[in-house]
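The values are calculated or read from the model by the stated rules, or taken from the named source; none is laboratory data. All values reported here derive from a predicted model rather than from experimental measurement. As a convention, Cβ positions derive from the backbone with ideal geometry for all residues, glycine included, and neighbour counts pool all protein chains shown. Accessible surface is based on the protein model in full, side chains and every heavy atom, while ligands, DNA and RNA are left aside. Shrake-Rupley method; radii C 1.70, N 1.55, O 1.52, S 1.80 Å.
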Amino acid sequence: MKMDVTYHPTQDRLRLCLRTEQQRTDWWLTRRLALRLLQALLSRLQQVPLPTLNQPWLPSPGTREIAQEHAMSLEFDALVVDDPGRAPPGQTGLLVETASLTVSPTETRLELVAGKNNARLNLTRMESHALAEALALMARKGEWLTGLELPAWLGQVKPTL
(Lines give C-alpha, C1' and ligand atoms only; values in the text may rest on other atoms or scores of the structure.)
Protein backbone atom coordinates (compact mmCIF):
# COMPACT_ATOMS: atom_id res chain seq x y z
CA MET A 1 0.00 0.00 0.00
CA LYS A 2 1.16 3.53 -0.79
CA MET A 3 0.37 6.37 1.55
CA ASP A 4 0.55 10.04 0.53
CA VAL A 5 -0.22 13.15 2.57
CA THR A 6 -0.94 16.42 0.76
CA TYR A 7 -2.21 19.81 1.87
CA HIS A 8 -5.13 21.28 -0.05
CA PRO A 9 -5.45 25.03 0.51
CA THR A 10 -8.96 25.31 -0.95
CA GLN A 11 -10.19 22.77 1.62
CA ASP A 12 -7.69 23.82 4.34
CA ARG A 13 -7.36 20.10 5.02
CA LEU A 14 -4.85 17.33 4.64
CA ARG A 15 -5.63 14.47 2.32
CA LEU A 16 -4.30 11.08 3.32
CA CYS A 17 -4.46 8.98 0.18
CA LEU A 18 -4.21 5.21 0.61
CA ARG A 19 -3.59 3.28 -2.59
CA THR A 20 -3.09 -0.26 -3.75
CA GLU A 21 -2.91 -1.49 -7.34
CA GLN A 22 -6.70 -1.99 -7.36
CA GLN A 23 -8.09 0.65 -5.02
CA ARG A 24 -7.69 4.20 -3.81
CA THR A 25 -9.30 5.89 -0.82
CA ASP A 26 -8.86 9.53 0.15
CA TRP A 27 -9.24 10.40 3.82
CA TRP A 28 -9.62 14.09 4.65
CA LEU A 29 -8.12 15.31 7.93
CA THR A 30 -9.19 18.60 9.46
CA ARG A 31 -6.60 20.85 11.03
CA ARG A 32 -7.73 19.92 14.53
CA LEU A 33 -7.69 16.17 13.91
CA ALA A 34 -4.39 16.22 11.97
CA LEU A 35 -2.58 18.18 14.69
CA ARG A 36 -3.97 15.95 17.44
CA LEU A 37 -2.92 12.86 15.49
CA LEU A 38 0.57 14.28 14.96
CA GLN A 39 0.99 15.16 18.64
CA ALA A 40 -0.29 11.74 19.78
CA LEU A 41 1.96 9.92 17.32
CA LEU A 42 5.02 11.90 18.45
CA SER A 43 4.22 11.38 22.12
CA ARG A 44 3.77 7.63 21.69
CA LEU A 45 6.88 7.21 19.52
CA GLN A 46 8.90 8.97 22.21
CA GLN A 47 7.37 6.93 25.07
CA VAL A 48 7.51 3.46 23.51
CA PRO A 49 11.10 2.27 23.01
CA LEU A 50 12.30 0.09 20.19
CA PRO A 51 12.56 -3.64 20.99
CA THR A 52 15.61 -4.62 23.01
CA LEU A 53 18.25 -6.36 20.92
CA ASN A 54 20.95 -7.67 23.22
CA GLN A 55 23.91 -6.98 20.99
CA PRO A 56 26.99 -5.34 22.50
CA TRP A 57 27.53 -2.98 19.56
CA LEU A 58 24.01 -1.53 19.73
CA PRO A 59 23.15 1.34 22.08
CA SER A 60 21.36 0.32 25.23
CA PRO A 61 17.64 1.20 25.42
CA GLY A 62 18.43 3.80 28.09
CA THR A 63 20.57 5.77 25.63
CA ARG A 64 17.98 5.85 22.85
CA GLU A 65 17.86 9.09 20.89
CA ILE A 66 14.49 9.72 19.21
CA ALA A 67 15.94 12.27 16.77
CA GLN A 68 18.46 9.69 15.58
CA GLU A 69 15.74 7.02 15.28
CA HIS A 70 13.69 9.48 13.21
CA ALA A 71 16.58 10.43 10.92
CA MET A 72 17.54 6.80 10.35
CA SER A 73 13.92 5.85 9.63
CA LEU A 74 13.69 8.52 6.95
CA GLU A 75 16.98 7.40 5.40
CA PHE A 76 15.47 3.99 4.75
CA ASP A 77 11.90 5.11 4.09
CA ALA A 78 12.47 8.53 2.54
CA LEU A 79 9.58 10.81 1.73
CA VAL A 80 8.84 11.00 -1.96
CA VAL A 81 6.80 13.73 -3.63
CA ASP A 82 4.10 11.66 -5.27
CA ASP A 83 0.82 13.56 -5.25
CA PRO A 84 -1.75 11.04 -6.44
CA GLY A 85 -3.69 13.82 -8.17
CA ARG A 86 -7.44 14.11 -8.26
CA ALA A 87 -9.68 11.28 -7.22
CA PRO A 88 -11.32 9.31 -10.02
CA PRO A 89 -14.67 10.73 -11.23
CA GLY A 90 -17.52 9.95 -8.87
CA GLN A 91 -15.22 9.26 -5.94
CA THR A 92 -15.12 11.74 -3.10
CA GLY A 93 -12.93 11.57 -0.05
CA LEU A 94 -14.04 10.54 3.40
CA LEU A 95 -13.96 13.11 6.20
CA VAL A 96 -12.28 11.47 9.18
CA GLU A 97 -14.36 11.80 12.34
CA THR A 98 -12.10 9.86 14.70
CA ALA A 99 -8.61 8.42 14.63
CA SER A 100 -7.21 6.00 17.17
CA LEU A 101 -3.59 5.12 17.61
CA THR A 102 -1.70 2.27 19.31
CA VAL A 103 2.10 2.20 19.27
CA SER A 104 4.18 -0.84 20.19
CA PRO A 105 7.95 -1.30 19.98
CA THR A 106 7.63 -2.63 16.42
CA GLU A 107 4.51 -1.10 14.88
CA THR A 108 1.80 1.54 14.96
CA ARG A 109 -1.84 0.68 14.50
CA LEU A 110 -3.89 3.56 13.17
CA GLU A 111 -7.64 3.36 12.72
CA LEU A 112 -9.53 6.04 10.82
CA VAL A 113 -13.32 6.27 11.01
CA ALA A 114 -15.62 8.25 8.72
CA GLY A 115 -19.25 7.35 9.24
CA LYS A 116 -19.65 3.66 8.40
CA ASN A 117 -16.25 3.55 6.70
CA ASN A 118 -13.03 2.70 8.47
CA ALA A 119 -9.44 1.85 7.68
CA ARG A 120 -7.04 -0.07 9.90
CA LEU A 121 -3.40 0.52 9.10
CA ASN A 122 -0.44 -1.36 10.52
CA LEU A 123 2.67 0.77 10.08
CA THR A 124 6.24 -0.19 10.82
CA ARG A 125 8.27 2.12 13.05
CA MET A 126 9.91 3.52 9.90
CA GLU A 127 6.52 4.16 8.28
CA SER A 128 5.32 5.76 11.54
CA HIS A 129 8.20 8.21 11.42
CA ALA A 130 7.52 8.89 7.73
CA LEU A 131 3.85 9.62 8.55
CA ALA A 132 4.85 11.97 11.39
CA GLU A 133 7.27 13.77 9.06
CA ALA A 134 4.64 14.08 6.31
CA LEU A 135 2.00 15.40 8.72
CA ALA A 136 4.47 17.97 10.09
CA LEU A 137 5.58 19.09 6.62
CA MET A 138 2.02 19.49 5.37
CA ALA A 139 0.89 21.25 8.57
CA ARG A 140 3.79 23.66 8.10
CA LYS A 141 2.77 24.17 4.45
CA GLY A 142 -0.75 25.02 5.61
CA GLU A 143 0.65 27.41 8.24
CA TRP A 144 -1.04 25.40 10.98
CA LEU A 145 1.89 25.31 13.39
CA THR A 146 1.53 28.79 14.90
CA GLY A 147 1.73 28.42 18.66
CA LEU A 148 2.50 24.70 18.43
CA GLU A 149 5.89 23.48 19.56
CA LEU A 150 7.27 20.52 17.66
CA PRO A 151 10.69 18.91 18.13
CA ALA A 152 13.42 20.63 16.08
CA TRP A 153 14.18 17.38 14.22
CA LEU A 154 10.63 17.04 12.87
CA GLY A 155 9.45 18.46 9.56
CA GLN A 156 12.90 19.42 8.35
CA VAL A 157 13.35 16.85 5.57
CA LYS A 158 13.03 17.94 1.95
CA PRO A 159 11.10 15.24 0.05
CA THR A 160 12.81 13.67 -2.94
CA LEU A 161 11.27 13.96 -6.39
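Structure notes:
- Residue match in the range 135-153 (condition: in contact with an Asp or Glu (Cβ under 8 Å, 6 or more places away or on another chain) and surrounded by 20 or more Cβ atoms within 10 Å (Cβ to Cβ)): no
- Within the range 97-147, the set of residues being among the charged types (D, E, K, R) and outside any helix (DSSP H, G or I) comprises E97, E107, R109, E111, K116, R120, E143.
Condition check ((1) at pLDDT below 85; (2) open to solvent by 80 Å² or more (accessible area, probe 1.4 Å); (3) over 14 Å from E133 (Cβ atoms); (4) charged (D, E, K, R)) across all residues:
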{"residue": "Q22", "(1), (2), (3), (4)": "no, yes, yes, no"}
{"residue": "D26", "(1), (2), (3), (4)": "no, no, yes, yes"}
{"residue": "R31", "(1), (2), (3), (4)": "no, yes, yes, yes"}
{"residue": "R44", "(1), (2), (3), (4)": "no, yes, yes, yes"}
{"residue": "L50", "(1), (2), (3), (4)": "yes, no, yes, no"}
{"residue": "L53", "(1), (2), (3), (4)": "yes, yes, yes, no"}
{"residue": "P61", "(1), (2), (3), (4)": "yes, no, yes, no"}
{"residue": "H70", "(1), (2), (3), (4)": "yes, no, no, no"}
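- Some residue of the range 78-87 being open to solvent by 80 Å² or more (accessible area, probe 1.4 Å), at pLDDT 95 or above and not in a strand (DSSP E or B): no
- Pairs where the first residue, in the range 139-161, is over 14 Å from R36 (Cα atoms) and β-branched (V, I, T) and the second is modelled with pLDDT under 85 and part of a loop (DSSP other than H, G, I, E, B), C-beta under 9 Å, 6+ apart: V157/A78; V157/L79; T160/A78; T160/L79; T160/V81
- The set of residues in the range 1-10 being modelled with pLDDT of 90 or more and either within 16 Å of N118 (Cα to Cα) or open to solvent by 30 Å² or more (accessible area, probe 1.4 Å) (or both) consists of Y7, H8, P9, T10.
- Members of the range 89-106 that are out of contact with any Lys or Arg (no Cβ under 7 Å at 6 or more places or on another chain) and at pLDDT 90 or above: L94, L95, V96, E97, T98, A99, S100, S104
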